[in-house]
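Structure record follows, encoded as structure tokens.
Only the coordinates and a few stated rules stand behind these numbers; no lab work does. Keep in mind that what you see is a predicted model, and the values were worked out from it rather than measured. Cβ sites come from the backbone with ideal geometry, for glycine too, and all protein chains shown count toward neighbours.
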Amino acid sequence: MATWRCHYALNLLLMEVTDESFQINRFLDSTVPIHVLDVMEWIRTHYDQPLSVASIAEQFGYHPTYLTNIFKKYTGYPILTYVNRTRIAVAKNLLTNRTLSIYRIADMCGFSDEKYFMKLFKRYEGITPTQYRKAFHQKKVNLT
């Protein structure tokens, strides 16, 4: 019975996140040029690699300054903020797995420095990765 409740709660959460994602994508699709959407998609699939404005711009044949300006104009974020937010979102998912170390998660998300990852995670989420992991598992236990 407890497992069923946990699955039910997770499915509700997944549906909520999916719905929110569709709404955001609909908004973006109608207002953001296709070449910016292409850059966003490329970042989402290459977040685990070392990324810089210059390397992303080179991938698409743009000048780094042009890419920086056009990306921020249409997304509201500097490109490296988008890269880091993407990485942190993936890290949050990986933190639900207790067997992965913080160091390993940082590496899997494209951070070469574990301390920088922890600092950035706290800046974006307001808590450390370890605190996030503990909070997630406490909530999971409370569902049973």
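State the answer as a single residue: which of V36, Y47, T96 lies farthest towards the positive end of the charge dipole of region 30-114, with beta carbon charges of +1 for Lys and Arg and -1 for Asp and Glu, about the Cα centre.
After comparing all options, I get T96.
Under a Cβ-only charge scheme (Lys and Arg +1, Asp and Glu -1), can you give me the dipole magnitude of region 33-142 about the Cα centre, in debye to the nearest 20?
Numbers: 16 positive and 8 negative charges, 148 e Å.
Rounded to the nearest 20 debye, it is 720 debye.
State the extension gain, in nm to one decimal, for the chain segment bounded by A89 and S55, taking 0.36 nm per residue of separation less the distance between their alpha-carbons.
Working: separation 34, 0.36 × 34 = 12.24 nm, distance 2.16 nm.
10.1 nm is the gain from fully extending A89 to S55.
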